[in-house]
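Every number here is computed from the coordinates shown, using simple stated rules; none is lab data. Note that the coordinates shown come from a computational prediction; the quantities given were computed from them, not determined experimentally. FYI the Cβ positions are ideal-geometry reconstructions off the backbone, even for glycines, and counts take in every protein chain you see.
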Amino acid sequence: MNSDLSREGFSRRGFLARSAGAAVAFGLAGGLTRRAWAGRRADTTFFEWKEISKGVHVALNRTGDNLSLAGGNSTLYADPAGALLIDAKQAIFGNTLKREAAAYSPKIARLVNTHHHFDHSGGNPCFDATPLTMHANCQKRLLESGQSNVAQMDTKIAALKAADLPGAQDAAADATKLFENLANIHADAWAPKDRTTTTGETSTLKIAGRTLTLHHFGPGHTDNDVIIHDADANIVIGGDVIFNGLHPYFDVAGGANSTSWLHSLAEIRKLCNDKTIVVPGHGPVGDVAMIDRLTEYFNKTVAAVKDAIKAGKPRDEVAKMSLPEYKDYILAAALPYLWGGIYDEYASTKKDAKPGTSYGS
Ligand SMILES: [Zn+2]
C-alpha cells in the first residue's frame, strides 16, 4: 500500500469509526475470535508469525483493513550469523518488528524493500546501520519523501493504544520510542546512500545461507517493485504486486498501470509451480492460486472499465464501480483509485480525468 492513504484521506475520517469494521476483519484475517485473542494477549506477539518453510518466517498483521495500522507482510530468513528481512512495515511498527524478529535472529544483516510505500519501508530507520537493498526508483522516492513516513505518528500511536490486539501496548511503547527520537532521524534515513544497494531488472542476493534472485518486471503496483525468488525453497515473495483477499491499491503517481501489472503477474507466475509458497504484500500466505485469482480480477476489472467507457460513462461514475463477485474482499477504500486509474489508462479523452490522489500502500 502507499503512504498518502494513511496520511491524508483515512486518518481524517477518524480511527474510532473504523475500529468496529476492523475488528470483524481481524477475525477473518487471523482466524481467531476477539475473545480468543483476549485470552492469548499476555503471551502473544503483536504480529502473527508463521514459519512457511524451515527458517523462513512471515510476520502478518492482525489489523485487517484498518488503514491507520496498515502494515505489509514482512518475511524473515533467520540465520544466527545475520538474518535477511524483507520489508519493514510502517514507521510505527519498525521497532516492534525488530524486537519480535530477534526471537528468531538477534541480528538483521540486510533489509530488502519490495517497494517504497509507507507500510513496507516506513520502518527502515528502526534498522539503523543495517545494509539495505531496494530498486533504484525506490531509493529515489524515499530520498525525496521518506520523512512523510513519520507524519501523524502521534495519531497512529493513539490508534495503536486503542486497538484490541495482542501486544498492542508493547507495540505502542515501541512506536513512542521512535516518535520521541524523531529529531535525530535524518531525512535520508529511509534509504541512506552509504548503506543502500540498488537493484535493477535482476540481481542475486546471497545471504543467510541462501541464494535469492531479485526481479523487477517493470512497473506494476509501483515503478520500483522487487520480487524475491527463492528457487531452492520454492518461495516467491511478491510484495504488493500480489494482494490476497484485498482489493489491490492502484497508485498511479507511484507508477501503477494495469497492463504492466498484468505483465508482472504473468512473469511471477512463470517462477512458480503447484507447490510454490507465495507470500503476498497483504493477506495470508498461500500458493499460485492467489496469482491466478488476481490476474482474473484485473482482467475482469479492465474489461468492465472498457465496457463502461464504450457506453459513455463519465469517470466519476466509473470510479464508483465494483464487481459483485469480489464484495467480500477487504480494503474497499482502494476501489475508486483502481477503477479511476484504469479509466484514465484506457479513456481516449483524458481532459476531464482527475487522477486519483496517491495514498501510498
Ligand atoms: Zn504498496
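The table that follows gives values for the structure above.
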| read-out | value |
| --- | --- |
| From phi via Karplus (6.51, -1.76, 1.60), per-residue ³J(HN,Hα) for region 179-189 in Hz, x at Gly/Pro | 4, 6, 10, 4, 4, 9, 9, 6, 4, 9, 5 |
| Entries of LYS54/LYS270; LYS54/LYS300; LYS50/LYS206 with Cα pairs more than 26 Å apart | LYS54/LYS300 |
| Cα pair distances exceeding 19 angstrom across region 191-318, given as percent | 53 percent |
| Most to least packed among 148-160, 83-95, 60-72 [average Cβ atoms within 10 Å] | 83-95, 60-72, 148-160 |
| ASP307-TYR346 pseudo-label distance in nm [points 7 Å out on the Cα-to-Cβ vector] | 1.0 nm |
| Phi to ³J(HN,Hα) by Karplus 6.51 cos²θ - 1.76 cosθ + 1.60 over region 299-313, Hz, x for Gly, Pro | 4, 5, 5, 4, 4, 5, 5, 4, 4, 5, 5, 4, 7, x, 5 |
| Options LEU97, PRO131, HIS115, ranked by Cα towards positive dipole end of region 32-182, top entry (Cβ charges) | LEU97 |
| Volume in Å³ per residue [convex hull over Cα atoms, computed for region 3-300] | 121 Å³ |
| Expected-Rg normalisation [2.2 N^0.38 Å, Cα atoms] applied to region 109-242 | 1.13 |
| Note, ³J(HN,Hα) from phi for region 241-247, Karplus 6.51, -1.76, 1.60, rounded to Hz, x at Gly and Pro | 5, 10, 9, 10, x, 10, 5 |
